Amino acid sequence: MKKKRVLACLLAVILFVSSIGLAAGAEEENTKEDTLAAPSAILMEANTGMILYEKNPDEKRPCASITKVMTLLLVMEALDDGKIALSDMVSTSEHAASMGGSDIWLKPGESMSVDDLLKATVIASANDAAVALAEYVAGSEEAFLDQMNQRAKELGMTNTVFKNCNGLDEEGHVTTARDVAIMSRELIKHEKIFDYSQTWIDYLRDGQTQLVNTNKLLKTYNGITGLKTGTTGKAGSCISATAERDGVSLIAVVLGCANTKDRFSSAASLLDQGFANWSVTVPTVPQESLTAVPVENGMLDSVEIQVDTSQGVVVPKGKKDQVTCKVELSESVTAPVKKGQKVGKVICSLEDEILAEYPVTAKGDVEEITFGSVWDLLIRQFLQT
């Protein structure tokens, strides 16, 4: 009987201590969560798109001038497509000149180059400059908005609706931390944007107008490369911050902070977390497994293959050497085979968790055996003799 009482007492003590431990653990976890001032945030590795941290990432919110990330993306794409040039002169409309908030005081009819308007939009977050660019690219802000929303759909930004191109508060103009990260990732593929986002001070109008970057992390954070801040009454203080160190490229998005101090400290905290805990490695694919794939009914018996793993995979620091790669190839393919056609995949894993899959593709074309293809081959061989 005494033994049973002793065991019961011991069990009660164990349960009590365990409950304290669990409560403390939960409290510690909540404390970690609560240390981030931003009500909505996300941390993404830019090259792979891997999410490293999230807090209410799909909560719809206004995002103020972070809206301009999409505006800038469309302008960069127009530049790449040759539709516009940096040297083009843009005449300011009455509508563009009427914008409030942060601006460069454009006057109706004033001409400014695309390059200078980009400087103003990125560095000083000028609303009038953003509208002038939008009108120049699409003919009107309304037409540009259609392009913005269409591009958002193409990128998978399922919780975003744009009502203007500069981010001024407007009913129904919303996005999420996840969607901001997606469009930020797409924008920084255009490396020209860093020429503007990493500039602290610049000038317009022959030095008469000074531009000072709204992203104060440029002065305080090692490795910062951009990208865009935003502040309005409804949106609060927001930022999409990009940074790179030792081959790791990160995007930290924070929305809805109470003040600019919380905005920058939250972004810096997320970036610190990413750089402290994660690394990027290019996985090594066993070359002996990348054998030619047999081709049926083709002018060649097999096709050489290739795989590109240069994008890399994100792994916890110290575990680069533990990444393994497995090659899976089709037993055969049927002609015709086109260059770039998928014929297999490489699966990269860490401790049984799949990190990434890369397509294995054909290096070249293989024609189907036909009377015409055989005849052409015979003619070519005859001419070579």
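Quick notes on this one:
- From most to least packed by mean Cβ count within 10 Å, the peptides 209-218, 254-263, 282-291 give 254-263, 209-218, 282-291.
- Per DSSP, loop trypsin sites (Lys or Arg not before Pro) in segment 292-374 with at most 15 further Cβ within 10 Å: Lys317, Lys319, Lys338, Lys339, Lys363
- Here the dipole of segment 152-192 is about 220 debye; that uses its Cα centre as origin and unit charges on the Cβ of Lys and Arg (positive) and Asp and Glu (negative).
- The chain: C-alpha gyration tensor shape, a/c 1.5 cut-off, then a/b vs b/c: oblate
- Exposure proxy ranking for Tyr53, Tyr136, based on other Cβ atoms within 10 angstrom of each Cβ and starting from the fewest, stands as Tyr53, Tyr136.
- Net charge of neighbours whose Cβ lies under 13 Å from the Cβ of Val69, counting Lys and Arg as +1 and Asp and Glu as -1: +2
- Counting neighbouring Cβ atoms within 10 Å and putting the fewest first, the residues Ser40, Ser98, Ser279 line up as Ser98, Ser279, Ser40.
- In the chain, helical runs assigned H by DSSP with n ≥ 4 each contribute -39500 (n - 2.57); averaged across all residues and rounded to the nearest 500, the mean residue ellipticity at 222 nm is -11500 deg cm²/dmol.
- Across the chain, Cα pairs under 8 Å and at least six residues apart give a relative contact order of 15 percent.
- The orientation-averaged projection of the convex hull spanning the C-alpha atoms of segment 287-371 amounts to 5.8 square nanometres.
- 27 Å Cα-Cα threshold exceeded, pairs from Lys189/Lys216; Lys55/Lys345; Lys55/Lys189: Lys55/Lys345
- By the count of other C-beta atoms within 10 Å, a proxy for reagent exposure, Lys192, Lys119, Lys68 are ordered fewest to most as Lys192, Lys119, Lys68.
- 10 Å binning of all Cα-Cα separations within segment 251-304, expressed as whole percents from 0 upward: 18, 22, 15, 12, 14, 14, 5
Read-outs throughout are calculated quantities, based only on the coordinates presented, and are distinct from any laboratory measurement. These figures come from a predicted structure and were not determined experimentally. Methodologically, a virtual Cβ is constructed for each residue, glycine included, from the backbone with ideal geometry; neighbour enumeration extends over all protein chains shown.
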